[in-house]
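Novice: Got a structure here, written out as structure tokens. Questions coming.
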Amino acid sequence: MRLRSILDFPLVTADEPVVYVLVKRFDLIVNILRAQILPDRGGELLVDLEGPDSALEEGLAYLRGLGVGISPVSRTVTHDADRCVACGGCVSLCPGKALAMGEPDWLLRFDPDRCVACGLCAKACPTRSFRTLW
Amino acid sequence: MPITKTIEEINARIRAGSAVVLTAEEVARMGETASPAEIAARVDVVTTATFGPMCSSGAFINFGHTTPGLRMEEITLNDVPVYGGVAAVDGYIGATSVRPGDPEYGGGHVIEDLAAGRPLRLRARGRGTDCYPGREVDTWITKDTVNEIFLFNPRNAYQNYGVAVNSSARTLHTYMGTLLGRLGNASYATSGELSPLLNDPDLRTIGLGTRIFLCGAEGYVAWPGTQFHTSRERNEHGVPVLPGATLAVVGDLKEMSTEYLRAAVFEKYGVSLFVGIGIPIPVLDEDLARRVSIRNEQIETTVFDYGTPGHDALGRTNYARLRAGELELDGRRIPCSAQSSLSRARRIAEELGRRIRAGAFTLSAPVMAFPTGTSLRRCPDPAAAPAAAPLGGAK
């Protein structure tokens, strides 16, 4: 299975070659979509982790053992459908094609599994209907 | 014999509950198989609608007099500047006015908050005159405490609008939304075959005094909108391929709903207002039947490159292609999306249709037709400006 997650690293783990270990020891496919170190939060990695369920579980256990926080993207970007007027301004900006509109109702559909948490939608939304947790 | 109807005849049917009312989308589908003559015979009214950000919007407010009297010269609502250069306690809050230092809150929000019935902080100052000795006031108002508050929008319901792209290397933040560099996306802004002035492109039935749906309330067309341009190039289906006519509209904000009126923020551009407008078009004859059955693929518009100083025109597309989500330009496929909400526009067209069928909304004939042959002027270059008069006029 594939898991898109935001990994939060305490600064003390900065020396640990996490991605190397996930690939080498757990044989996971790691696709890094974004990586940054923030002074007030430590390190943050937006990744796709892919592999057999058992290997994925072991890899996640390894990460938790290091004190790494694991949260699915769906919990870091939220869309308020009541606030949204479905203008569509965000749709053509979305690099992951997580946002779509069309027949029959032309309401905005948000697929968190495709979201790369870039935040373009949140900045572009005229009604400020997106919330991001970073 | 060709069918002709009058607005009075259609209103009689509305009152009798027998008028046939369709949305412009429904009649466009009907037009795929039915002839204009058949449509004219079967349909009485077609409802059109749009819900998009319209910067040229605002509201006049009369705050009521204070004790002692105050001539309000500098006015703010929730710290957003309100124009006070009219009578003592009249003001105009424009949609794009912003709270100094806070680009996330402006006139659009003030108008939405007022429509929602929320209290707003009013602060005003005046110099003090013999008739208005007061100097300042700091209080709270709602739409129920003020005497009048009416939306008066100088330019709404644009008849067509260009598609925006950006060929430059950097992302641009515009009133057409975020435009990614190197033609990364495209942005358009009308409701196509549902859009009011594309369904009556010669404004045969829309003029001064036309009753409309304005943000949930009954409103009126008050004047030709600013930048009213009726000389644009038209395609073989009779619609302009560039921004054409516009409408100035007026209506009571106390009766409006935030479902059809919303503040808008455009990153690094400013604040605007989503305005929902619905206009009923009486199907008086075959010509109008043909007009209202226009389809997205027949409505073309021009693509402009906001990445060049002159916003160069790059080509033409139509609304069927835009709705499909991709624009083809120089062999490249560019993802595109709208700035105006089709789902809200449909809701407005349906709601207006319900009101007409219920006999609660009748049609009004314009009391003045709008001009033809108009075009746009540019602001004079300083070198070419008319001879300068001394500041302050003839002193």
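Novice: If we keep just the residues of the stretch A:98-133 that are in contact with an Asp or Glu (Cβ under 7 Å, 6 or more places away or on another chain) and part of a loop (DSSP other than H, G, I, E, B), which is farthest from the other protein chains (Cβ to nearest Cβ)?
Specialist: A:Ala98
Novice: Anything in the stretch B:75-117 that is in contact with a helix residue (DSSP H, G or I) (Cβ under 9 Å, 6 or more places away or on another chain) and among the charged types (D, E, K, R)? List them, or say none.
Specialist: Matches in the stretch B:75-117: B:Arg99 only.
Novice: So in the stretch A:33-47, with the set limited to residues that are surrounded by fewer than 17 Cβ atoms within 10 Å (Cβ to Cβ) and under 17 Å from the mean Cα position of the chain (by Cα), which one is farthest from A:Asp15 (Cα to Cα)?
Specialist: Among those residues, the one meeting the criterion is A:Arg34.
Novice: Here's a follow-up. Which one of these does B:Glu26 not meet: (1) in the same structural domain as B:Gly276 (by TED's automatic domain parsing); (2) in contact with a helix residue (DSSP H, G or I) (Cβ under 8 Å, 6 or more places away or on another chain)?
Specialist: (2) is the only condition that B:Glu26 fails.
Novice: From B:Glu286, B:Glu350, grab the single residue that is over 18 Å from A:Cys87 (Cβ atoms) and away from chain A (no Cβ under 14 Å).
Specialist: B:Glu286
Novice: For the condition modelled with pLDDT under 95, surrounded by fewer than 15 Cβ atoms within 10 Å (Cβ to Cβ) and touching an Asp or Glu at 6+ places or on another chain (Cβ under 8 Å), what is the one hit in B:Pro100, B:Pro2?
Specialist: B:Pro2
Novice: For the stretch B:56-78, name all the residues that are surrounded by fewer than 23 Cβ atoms within 10 Å (Cβ to Cβ) and closer than 15 Å to B:Ile111 by Cβ.
Specialist: Of everything in the stretch B:56-78, those that are surrounded by fewer than 23 Cβ atoms within 10 Å (Cβ to Cβ) and closer than 15 Å to B:Ile111 by Cβ turn out to be B:Ser56, B:Phe60, B:Thr76, B:Asn78.
Novice: Among (1) outside any loop (DSSP other than H, G, I, E, B); (2) under 22 Å from B:Phe51 (Cα atoms); (3) within 14 Å of chain A (Cβ to nearest Cβ), which single condition is B:Arg291 missing?
Specialist: For B:Arg291, the failing item is (3).
Novice: Would you check which residues across the stretch B:206-233 are part of a loop (DSSP other than H, G, I, E, B) and either among the basic types (Lys, Arg) or buried (at least 23 other Cβ atoms within 10 Å of the Cβ) (or both) and list them?
Specialist: Correct list: B:Ile206, B:Thr210, B:Cys215, B:Gly225, B:Arg232.
Novice: Out of all the residues in the stretch B:82-127, which are assigned to a loop (DSSP other than H, G, I, E, B) and in contact with a Leu (Cβ under 8 Å, 6 or more places away or on another chain)?
Specialist: Listed by number, the residues that qualify are B:Ala88, B:Val89, B:Ala95, B:Gly126.
Conditions tested, residue by residue: (1) buried (at least 16 other Cβ atoms within 10 Å of the Cβ); (2) aliphatic (A, V, I, L, M); (3) assigned by TED's automatic domain parsing to the domain that holds A:Asp8; (4) modelled with pLDDT under 95.
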residue: A:Cys84; (1), (2), (3), (4): yes, no, no, no
residue: A:Val91; (1), (2), (3), (4): yes, yes, no, no
residue: A:Lys97; (1), (2), (3), (4): no, no, no, yes
residue: A:Phe110; (1), (2), (3), (4): yes, no, no, yes
residue: A:Arg114; (1), (2), (3), (4): no, no, no, yes
residue: A:Arg128; (1), (2), (3), (4): no, no, no, no
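The values are calculated or read from the model by the stated rules, or taken from the named source; none is laboratory data. All figures in this text were calculated on a predicted structure; none of them were measured in a lab. We place every Cβ from the backbone using ideal geometry, glycine too, and count neighbours over all the protein chains shown.
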